[in-house]
């Protein structure tokens, strides 16, 4: 694990990072999402925000590892593009929602002090997704471009690790990975 200056830690997040999608959607994420522009890779959020304080993050690593050890790999397929917030947020929707939502519920139960989205969205209303763009003005063109890449985008993906990412000095970095 990296040595970090605690004063430069701004936030943290727990997610399934999906490296297979980097070549296909990271360029859009870097250009059309705030988190992609500062290093967050394609992912499915589990808990955001997690702890903000580095000592709280470090003090909960064993708890986090113990929980990750109870989670199995999940096979998903990416077939559909969806939209949130009046077509502002464009995303890939994994076909298997239940196993992912079960993981989110496990984390929300274990880390009750850090509920997903600060508790602003009920767990029952969450939808597992992989944000591609948050630019309503460009989503139609992006969807057309992704349709041309459809044959290259891996349809089946294995979620086999959970990442703890930290927003550090203005950029998202991976702090710890937990293999499933």
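Among the candidates 137, 156, the residue that is over 14 Å from the mean Cα position of the chain (by Cα), at negative phi and without any contact (Cβ under 8 Å) to a residue 24 or more places away in the chain is uniquely 137. Can you confirm whether residue 30 is more than 24 Å from residue 169 (Cα to Cα) and part of a helix (DSSP H, G or I)? When the stated conditions are applied, residue 30 does not pass them. Summed over the stretch 68-116, residues that are farther than 30 Å from residue 149 by Cβ, out of contact with any strand residue (DSSP E or B) (no Cβ under 8 Å at 6 or more places or on another chain) and assigned to a helix (DSSP H, G or I) total 5.
Looking only at the stretch 117-130, residues that are in a loop (DSSP other than H, G, I, E, B) and touching a residue at least 24 places away in the same chain (Cβ under 8 Å) come to 4 in all.
Checking the structure you have, find out if any residue of the stretch 131-142 is assigned to a helix (DSSP H, G or I), over 19 Å from residue 17 (Cα atoms) and at pLDDT 85 or above. Yes, the conditions are met somewhere in the stretch 131-142.
The values are calculated or read from the model by the stated rules, or taken from the named source; none is laboratory data. Computed from a predicted model, the values in this text were never measured in an experiment. So basically every Cβ, Gly included, is an ideal-geometry build from the backbone, and we count neighbours across all protein chains shown.
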